[in-house]
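We did not get these values from a lab; they are worked out from the coordinates using the rules stated. As the structure is a computational prediction, the values presented were derived from the model and not from experiment. Here the Cβ positions follow ideal geometry from the backbone for every residue, glycine too, while neighbour counts run over all protein chains shown.
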Amino acid sequence: MRYLLLLFLITIGVNWPELPYNARLADVIFIPLAAAVLFSLAPTPHSPLNWRWSDLALAGYLLGAVPAILISDDRRASAIELVRQLYLVAIYVVFAIAARHRLANTVGKGLALGGAILAVAGLVVVALHLIGVAPPPLVGEVMPLPYIGATLRLRSLTVTFAMFACVLTAAAPFAIALCMSDRVRAWCALTGVMIVAALLTFSHAIAGFAVAVLLAAWPSLASWPRLRRLAIAGVAIIFLILNFAATVAIKSVSYGGAGYADTSQYFHAVDQQQTSIGGATVIYNVMSYARIKQVAWRTFAEHPIAGIGLDRFHVATLRAYTEGMLPSHYREVDPHSTLLGRLAESGVIGGITLLWLWVAWVLIARDVVRGGDVIGAAAAAALAGLIVSSLNADIMNFRFLWVVAGVLRGLHVCGGMVGGAGKQPAEDRRH
């Protein structure tokens, strides 16, 4: 069971092979893993998985999608999406049970190791690129970026650059926790590798990664209050800069015959506009993330109760394309914003139930952190970072998010555990 856990977690972010219904290698591994956990560790009358109000929030999240199926123009596609959500809940349940049975340390090591392997692979490609070797498309891609120019961006076998950054957001806090608790230098070194790899994604999700790393490292900064304040300020600046970059890109600024100009063409640019500020003429590109948010909000405003239909956002983007709001390569695109996407597809019913679930998870995370468990604190940091990334990513589709939340749920049942990561390996070996 321990090896199945590790194998699933190591492959959880890998976008291979392409199987029906967006399944990947990790999903194939999950079948025997779930069977092993449910048959070997299923709660018993002597060791129950007690119901909590957070479980009602989870049920509400699923039920909140039902009206969006009933009004959908393609009920089959919407129903399939609900099945996918049920699968993610199954991941949540399995890892809650695993954490309940003192396997949280194994889960933390698996997530950290999975992120580290992808990060190392990415940095190897960067090193080869520096000596003239073209990067494999599955690992990285050279593309023009605002203000930087042609740059190698890492995706390291994941679907997108942003998803790779989110994988590292889930992984790095556990590596930091293991570094601080086990005092193993390898975990400290791998944490540094993940930080470098995350920066080389050049993704907006770096903001969530920075939040996760700061929260995970927070206890070790207790003796340096000034450094803590500087770290908070740095993370806030990163958040503002990256979200500005995901909204607009300045193409040129001219004032009195002089100025700045960027002639690069960006894949994520969907429109070009001009404005005047203090006598200066500013030409800027509207970026795809901002325009897709506009499409999502318009869709919600037109269908406020139950949305346009679960997994039917492509209908809205196709309409936006025909109206000239989006270029052809964005005719069918996902919302890339968790809450706005949920509102567009499921209306206020779906939006409220999503927020209810997030509040439940945050309160669980708070209780686990107060309990003093090291792995639980790492899971809380990862959850916080992913929620920050939800502004520009569909995090509820990420399997590793549900793993992290499941670990928190399992530890919450245990009353925050009794001693943290350092006291768990012996329990792990029993399984």
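Computed from the C-beta positions of Thr263 and Trp53 and an R0 of 56 Å, the FRET efficiency is 0.50 to the nearest 0.05.
The loop-placed trypsin sites (Lys or Arg not before Pro) in the stretch 116-222, going by DSSP, that have at most 14 neighbouring Cβ atoms within 10 Å of their Cβ come out as Arg183. Modelled spin-label separation between Leu240 and Phe39, with each label point placed 7 Å from Cα along the Cα-to-Cβ direction: 5.7 nm.
Helix 374-389: angle to the longest alpha-carbon principal axis of the chain, degrees 0 to 90, nearest 10? Tilt of helix 374-389: around 20 degrees.
Among Trp402, Trp51, the ranking by other beta carbons within 10 Å of each residue's beta carbon, starting with the fewest, stands as Trp51, Trp402.
FRET efficiency for the pair Ile31 and Val348, taken as 1/(1 + (r/R0)^6) with r the Cβ-Cβ distance and R0 = 25 Å, rounds to 0.10. In the stretch 67-132, the C-alpha radius of gyration followed by the widest Cα-Cα span (Dmax) gives 19.8, 56 angstrom.
Taking Cα atoms only, the orientation of helix 288-302 departs from the longest principal axis of the chain by about 80 degrees. In the chain, the longest principal axis of the Cα atoms and the axis of helix 338-370 are about 40 degrees apart.
Estimated at 0.36 nm per residue, the fully extended path between Leu145 and Cys188 surpasses their Cα-Cα distance by 12.4 nm. Note on the stretch 102-149: Rg/Rh from C-alpha atoms, Kirkwood Rh, equals 1.20.
Taking packing as the residue-averaged number of other Cβ atoms within 10 angstrom, the listed peptides 371-382, 228-239, 6-17 run from highest to lowest as 371-382, 6-17, 228-239. From most to least packed by mean Cβ count within 10 Å, the peptides 79-86, 168-175, 310-317 give 168-175, 310-317, 79-86. A quarter of the convex hull surface defined by the alpha-carbon atoms of the stretch 337-402 gives 4.2 nm² as the mean projection. The ranking of Cys179, Cys166 from fewest to most other beta carbons within 10 Å of each one's beta carbon is Cys179, Cys166. With neighbour counts taken as other beta-carbon atoms within 10 Å, the residues Ser156, Ser220 rank, fewest first, as Ser220, Ser156.
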